[in-house]
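Comments concern the structure below.
The values are calculated or read from the model by the stated rules, or taken from the named source; none is laboratory data. This structure is a prediction, so every number in the text was calculated from the model and none was measured. Reconstructed Cβ throughout: ideal geometry from the backbone, glycine too, with neighbour counts over all protein chains shown. In case anyone asks, the SASA skips ligands and DNA or RNA and just uses the protein heavy atoms, side chains included. Shrake-Rupley method; radii C 1.70, N 1.55, O 1.52, S 1.80 Å.
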Amino acid sequence: MTGTLIWLVGPSGSGKDSLLEALRKQEHPQMLVAHRYITRPAGAGCENHIALSEHEFFTRAEQHLFALSWHANNLYYGVGMEIDLWLHAGLDVVVNGSRAHLPQAKARYGESLLPVCLQVSPDILRQRLEQRGRENAREITQRLDRAARYTPQECVMLNNDGSLLQSVEMFLHLIRTHGNHKESQHACL
């Protein structure tokens, strides 16, 4: 039996990085949080990522070392082939995904993919974007407009308006529920 690839998506400011950081701090014997390879300096942003130069990124891409890769926000993002080894070992793997590249992940992982979309109410999203101080007022408005236009399809929704602890508990409950559902499907075969 293979594991599940949990493709975590949500608008900028929805709390993906905080949720992933909290998951990394807890013990989950059957779940790993993958690091992304990004052409962004190590200290930039809040994500615990592996910083690569564009040259390093393209060298890895040419050697087929990424399971998935994409370009967004003037940066290149990749998820290493190691996630396939983890999935084949039966582990669940959480990835900080891209909403725009969900179809690419679905095409590669099919039934092993569980898209989870973080939802945040517009007022809370605005407040979080303003507090982090990375965008000006115009950029915040653009991010809010983009978040409002996004309508996820075939995605398990997770509300992240509350505390981080609540979100972690709801996320883990979703994963357990999905795992139990998957097991019952296999038992019926």
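Being among the small types (Gly, Ala, Ser), closer than 24 Å to GLN30 by Cα and at pLDDT 90 or above is true for just one of SER112, SER184. Which residue is that?
Going through SER112, SER184 in turn, just one is among the small types (Gly, Ala, Ser), closer than 24 Å to GLN30 by Cα and at pLDDT 90 or above: SER112.
With ALA147, ALA105 as the choices, which residue is open to solvent by less than 30 Å² (accessible area, probe 1.4 Å) and under 21 Å from VAL33 (Cβ atoms)?
Within the list ALA147, ALA105, the selection yields ALA105.
Which one of LEU144, LEU118, LEU114 is touching a residue at least 12 places away in the same chain (Cβ under 8 Å), assigned to a strand (DSSP E or B) and closer than 24 Å to ARG40 by Cβ?
Values: LEU144 fails: assigned to a strand (DSSP E or B); LEU114 fails: closer than 24 Å to ARG40 by Cβ.
Just a single option satisfies the conditions, and that option is LEU118.
Please enumerate the residues belonging to region 1-57 that are of a type in the set (D, E, K, R) and under 29 Å from ILE140 (Cα atoms).
LYS16, ASP17, GLU21, ARG24, ARG36, ARG40, GLU47, GLU54
Considering only residues that are open to solvent by 50 Å² or more (accessible area, probe 1.4 Å) and more than 12 Å from ILE38 (Cβ to Cβ), which ones fall in region 61-88?
GLU62, GLN63, HIS64, LEU65, MET81, GLU82, LEU85, TRP86, HIS88
Among the residues of region 147-167, how many are at pLDDT below 85 and either over 15 Å from VAL116 (Cβ atoms) or not in a loop (DSSP other than H, G, I, E, B) (or both)?
Of the residues in that region, 4 qualify.
Is it fair to say GLU27 is over 14 Å from VAL93 (Cα atoms) and acidic (Asp, Glu)? Walk me through it before giving the result.
Details: over 14 Å from VAL93 (Cα atoms): no; acidic (Asp, Glu): yes.
Criteria not met by GLU27.
Would you mention how many residues in region 76-101 are out of contact with any strand residue (DSSP E or B) (no Cβ under 6 Å at 6 or more places or on another chain) and farther than 24 Å from PRO29 by Cα?
2
A quick yes/no check of all residues on (1) outside any strand (DSSP E or B); (2) under 19 Å from LEU114 (Cβ atoms); (3) at pLDDT below 95; (4) in contact with a Cys (Cβ under 6 Å, 6 or more places away or on another chain):
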site: SER14; (1), (2), (3), (4): yes, yes, yes, no
site: GLY45; (1), (2), (3), (4): yes, no, yes, no
site: PHE58; (1), (2), (3), (4): yes, no, no, no
site: HIS64; (1), (2), (3), (4): yes, no, no, no
site: TYR76; (1), (2), (3), (4): no, no, no, no
site: LEU85; (1), (2), (3), (4): yes, yes, no, no
site: VAL93; (1), (2), (3), (4): no, yes, no, no
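Just to verify a result, which residue in region 1-34, among those that are within 18 Å of ASN48 (Cα to Cα) and β-branched (Val, Ile, Thr), is nearest to the chain's Cα centre (by Cα)?
Looking at the filtered set, the residue picked out is VAL9.
For the subset of region 16-43 comprising residues that are surrounded by fewer than 14 Cβ atoms within 10 Å (Cβ to Cβ) and not in a helix (DSSP H, G or I), which member is modelled with the lowest pLDDT?
This residue is GLY43.
Looking at LEU118, LEU113, LEU129, LEU158, can you tell me which residue is open to solvent by less than 50 Å² (accessible area, probe 1.4 Å) and farther than 23 Å from LEU5 by Cα?
LEU129
Residues of region 152-163 being farther than 15 Å from LEU8 by Cα and either in contact (Cβ under 8 Å) with a residue 40 or more places away in the chain or under 17 Å from the mean Cα position of the chain (by Cα) (or both), which ones? Walk me through it before giving the result.
Step one: of region 152-163, the residues farther than 15 Å from LEU8 by Cα are 161-163.
The one that is farther than 15 Å from LEU8 by Cα and either in contact (Cβ under 8 Å) with a residue 40 or more places away in the chain or under 17 Å from the mean Cα position of the chain (by Cα) (or both): ASP161.
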